[in-house]
Amino acid sequence: KRIVILISGRGSNMQSIVEACAAEGWAADVVAVLSNKPDAAGLAWAAERGIATGVVDHRAHAERADFDAALAAAVDAHAPDLVLLAGFMRVLTDGFVQRYAGRLINIHPSLLPAFPGLHTHRRALEAGCHLAGASVHFVTPTLDHGPLIAQAAVPVMPEDTPERLAARVLVAEHRLYPMAVRWAVDDALTLTDDGHVTQRENA
Ligand code: GRF
């Protein structure tokens, strides 16, 4: 399977997938890492490993639809089976999402459906949550609302700041996202009629 990963910054989730793919011998390759930001640190990391990289700068496109068309062209150039959003901080148009229906996956740093959108850790602390976490889901046109593939929970500690909580969730993300992507690579995921995801037991 051919995997394209979209990032906007550090790219630590992208790194966790590249490393798991190599270490676990997935029947897959990360064929490209693309960013909407030219200075995304993850691009240099990927390039050093010989992975194709590219930039589709959202600032060069006045309309969201134009940016998404350029992004789709860049993605399609790598003929991906799976497109992964990993800290990709642009909202995508319905057209883009539908183009990759069933093969577009995102990780979000909250226990969805709680806290879609930004500032998840601050909002979890403000709400007095005792658990926080991360969710991997298929992307649908509604932001952070697609069918859930896997979730991981971490405790909220009394002295937590958004930054401390984010760091604890990120450790969980780096286990969770590769696990979920591997299920997709192994064709172990099924979308049920009620819009939920089931995972084959022995995957
Ligand atoms: C992660 O917490 C991800 O869930 C969120 O933004 C962060 C990106 O981190 N959407 P990285 O770029 O993968 O290091």
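Computed from the coordinates by the stated procedures, all read-outs in this text should not be read as laboratory data. Just so it is clear, the model here is predicted, and its values are computed rather than measured. Using ideal geometry, Cβ is built from the backbone for each residue, glycine included, and neighbour counts are taken over all protein chains shown.
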State which helices in the chain qualify, where a helix is a whole DSSP H run, it must extend 27 Å or more along its own axis by its Cα atoms, and its mean Kyte-Doolittle hydropathy must be at least -0.5. 162-185
With a cap of 15 neighbouring Cβ atoms within 10 Å, and only residues DSSP puts in a loop, list the GluC sites (Glu not before Pro) found in segment 111-192. 159
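What is the sum of charges around residue 91, taking Lys and Arg as +1, Asp and Glu as -1, for the other residues whose C-beta is under 12 Å from the C-beta of residue 91? Numbers along the way, then the final one.
Details: positive: 64, 90; negative: 68, 94, 144.
Once positives and negatives cancel, what remains is -1.
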For segment 2-199: relative contact order, % (alpha-carbon pairs under 8 angstrom, 6 or more apart): 19
Three-way shape label, segment 61-136, alpha-carbon gyration tensor, a/c 1.5: prolate
Cβ density ranking, 10 Å radius, fewest first, applied to 171, 136 yields 171, 136
Going 7 Å from the Cα of residue 119 in the Cα-to-Cβ direction, what parts of segment 160-194 have a backbone nitrogen less than 15 Å from that spot? 162-163
Provide Rg and Dmax in Å for segment 2-199, with only Cα atoms included in the calculation. 16.3, 48
State the Cα centre-to-centre distance between segment 108-161 and segment 34-83 in whole Å. 26
Sort 14, 179 by Cβ crowding within 10 Å, fewest neighbours at the top. 179, 14
